[in-house]
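Okay, structure first, notes after.
The values are calculated or read from the model by the stated rules, or taken from the named source; none is laboratory data. None of the values given here were measured: they were computed from a predicted structure. All Cβ positions, even for glycine, are placed from backbone atoms using ideal geometry, and neighbour counts span all protein chains on display.
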């Protein structure tokens, strides 16, 4: 690991975050020598202000936990029950009211208009009650060994608004496995499904089962059902800390193990401040839809300097650029007014949602690809807050965007597929090649198979995916995992022609076959990266073909450019110095 200049650590204390209301140290937690986990990569730094140093410590912690240290992980996290003296402080009515600090003076805030001034964090006993409400007791009696429920369902049960009401209602319950091999994980998945079905009356009328490359999903058939969607994530982890470290947004890094609520330090900071800190990892693993969703739930973003040599004036310059994006949208909205409509005031005839739907030029990197594009998205949100954010969120969902499919968010990736049957897929592929080619696609289409059959039959099954890969990729000696991992599982579709992109690179249509015995991502780092790349490439293929199906030109979709960026983002090394450099480059883009 490359030594990072932003890794101060002392006295075995991970981080102290003082609550302004009564000086409770929230994260004064003793833990093992960090060098034993991180590999002697830390050195003191004094030139950055206190908040930036805190950010750096937490960011480095997240990167290290993401590499799955075998020992000591529990001492790097906080436990709601174990560490209640540190985390909660004096208890009043089973919760602790936190007055949020004005933590953001060293950076620029985005998407924070719904951030509340106060929030409540609950005791473990109250958490259990609220989690039962969120889950509607569908997990009652579950054996939680090697299981972690994490993300929004836990955050919603852990916190509430100032008056004690639920801050938001989670859409689903996400379940992760750790410390299991593939065979044991399959057994555990069936055990979870059995538990859910035993707790839901007439379960075959309530739930349908869907499986794709990312999840096994038990989805409520009834639109107004009180029973939540259950998602089992098809990736195996070594421990709960690794699971939490792989979440994109800071407040999501909370998990419930059945007997404890584990909280990563950055999640405590986010709950305390209402802000996620913008990092290179976040930009590579989240989506605009996710950012907006959590903005509507009261969690914004803050961008702070990451390099010792950052010019203080850069913050001012970045703020000015953000304001220019806002002013540009204001001008577009004003220009779109309909002055001929006599019955509606002109200012109500044009909306930022209309401008957003037209899709201003974001470049090939998507909304999060550059700082300029990011500020444009944030400016759209600024205009929409307070009157029609739902319309904007619906607009993000309605417009199929490569970001929705390319990035690593395990939940949003599992949305409705643009193409749903074999005939549409074949038509889309023909459209991509140009009509007239006789394609021989006899394999199954890229889509999870939904089952409404009672019982557990077919819960886990083999899948086949359509995917465009660079010419010769499968046979390349550089892809050194093929001989023993994917030799018979990834192959070119016979009889299909080569298709070229605007940059002249050729791509061939392939099938990626995932046997049910290999449902879970490989646990070795190289195998996992390859597996994730293929999943994201399949998703990019899905988006590209859906666009072709509706008449878009293949060359103009820049498939090769997007695939290269996707490959770069998939391999996110635990190297903070490189990440800081990338972020520095991003904010000047």
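Scanning the range 511-540 for residues being part of a helix (DSSP H, G or I) and loosely packed, with under 15 Cβ neighbours inside 10 Å gives a total of 4. The condition of being free of Cβ contacts under 8 Å to residues at least 60 places away in the same chain and either surrounded by 23 or more Cβ atoms within 10 Å (Cβ to Cβ) or within 28 Å of residue 82 (Cα to Cα) (or both) holds for only one of 244, 180, 275, that being 180.
Restricting 154, 138, 147, 134 to those that are closer than 18 Å to residue 78 by Cβ and in contact with a strand residue (DSSP E or B) (Cβ under 8 Å, 6 or more places away or on another chain) reduces the list to 154. Of all residues in the range 292-318, count the ones that are touching a strand residue (DSSP E or B) at 6+ places or on another chain (Cβ under 7 Å), modelled with pLDDT of 85 or more and assigned to a helix (DSSP H, G or I). Total satisfying the criteria: 1. Can you tell me how many residues in the range 350-391 are over 19 Å from the mean Cα position of the chain (by Cα) and at pLDDT below 80? Of the residues in that region, 23 qualify.
Scanning the range 248-276 for residues that are more than 18 Å from the chain's Cα centre (by Cα), within 16 Å of residue 173 (Cα to Cα) and part of a loop (DSSP other than H, G, I, E, B) yields a total of 2. Scan the helices (runs of 4 or more DSSP H) fully inside the range 127-244 and keep the ones with 1 or more residues being modelled with pLDDT under 90, assigned by TED's automatic domain parsing to the domain that holds residue 265 and closer than 24 Å to residue 524 by Cβ. Filter on the range 127-244 gives 182-199.
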